[in-house]
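Below is one structure, written out as structure tokens; the observations come after it.
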């Protein structure tokens, strides 16, 4: 059994009621629900929320409503708290868990399937990433330096650089219990460069709506 869990708090400082904000005619949370329901390996979808209205919208679109605790829904509570809370309440321990961030409305269901395949192949977890091209610079109190080394053709790099997008995670239950959403034997799944963007501020709204048109076929998941 492979369930999907989508945490969604009712509160938000930057954008009030963010998880219900309409993007291209759909509440933000609905994009993630519909994408999860398109993944053949996923058996059911749960939305973990402290907000009854979010729970109602979730059930109307094919997900279950899990009422998360107030402690797991604070501004500074890490997602691992609600993930473990939910895992302790379900009746059957799953083969693995798919965790989607509701604030990332653009992802491809096949990428989630690939993450599931990598865990089934032996990884303890898998997560969404984006390739970082070019030279990467680091700044601190001592100044600035290029961590990718001297300039040379891209094909000569000894390793590739990836950014964690936060869009999706897949992990075994024991990995969550011992380490968190990412374990020591994790495997990344690169997304398309335009996927994985998150809704954090009001300035992100027009960008995400444009990307929905480009990457999800004019609002059709």
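A quick yes/no check of all residues on (1) part of a loop (DSSP other than H, G, I, E, B); (2) surrounded by 15 or more Cβ atoms within 10 Å (Cβ to Cβ); (3) without any contact (Cβ under 8 Å) to a residue 24 or more places away in the chain:
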position	(1), (2), (3)
183	yes, yes, no
189	no, yes, no
194	yes, no, no
197	yes, yes, no
210	no, no, yes
214	no, no, yes
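Of all the criteria given as (1) surrounded by 18 or more Cβ atoms within 10 Å (Cβ to Cβ); (2) in contact with a strand residue (DSSP E or B) (Cβ under 8 Å, 6 or more places away or on another chain); (3) in contact (Cβ under 8 Å) with a residue 24 or more places away in the chain; (4) over 15 Å from residue 105 (Cα atoms), the one not satisfied by residue 36 is (4). A single entry from 92, 85 fulfils the requirement of being loosely packed, with under 12 Cβ neighbours inside 10 Å and touching a residue at least 12 places away in the same chain (Cβ under 8 Å): 92.
Name the residue, out of 124, 43, that is surrounded by fewer than 15 Cβ atoms within 10 Å (Cβ to Cβ) and modelled with pLDDT of 95 or more. Working first, answer last.
Details: 124 fails: surrounded by fewer than 15 Cβ atoms within 10 Å (Cβ to Cβ).
43 is the lone residue from the list that is surrounded by fewer than 15 Cβ atoms within 10 Å (Cβ to Cβ) and modelled with pLDDT of 95 or more.
Count of the stretch 55-75 residues, restricted to those that are farther than 14 Å from residue 89 by Cβ and within 18 Å of the chain's Cα centre (by Cα), is 4. The single residue among 47, 82, 98 that is under 27 Å from residue 172 (Cβ atoms), in contact with a strand residue (DSSP E or B) (Cβ under 7 Å, 6 or more places away or on another chain) and in a helix (DSSP H, G or I) turns out to be 82.
To keep it simple, each residue is scored yes or no on (1) in contact with a helix residue (DSSP H, G or I) (Cβ under 7 Å, 6 or more places away or on another chain); (2) at pLDDT 95 or above; (3) under 23 Å from residue 42 (Cβ atoms).
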| site | (1), (2), (3) |
| --- | --- |
| 145 | no, no, no |
| 157 | no, no, no |
| 190 | no, yes, yes |
| 217 | no, no, yes |
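The values are calculated or read from the model by the stated rules, or taken from the named source; none is laboratory data. Not measured: the values here are computed from a predicted model. No Cβ is skipped: glycine too gets one built from the backbone with ideal geometry, and neighbour counts run over all protein chains shown.
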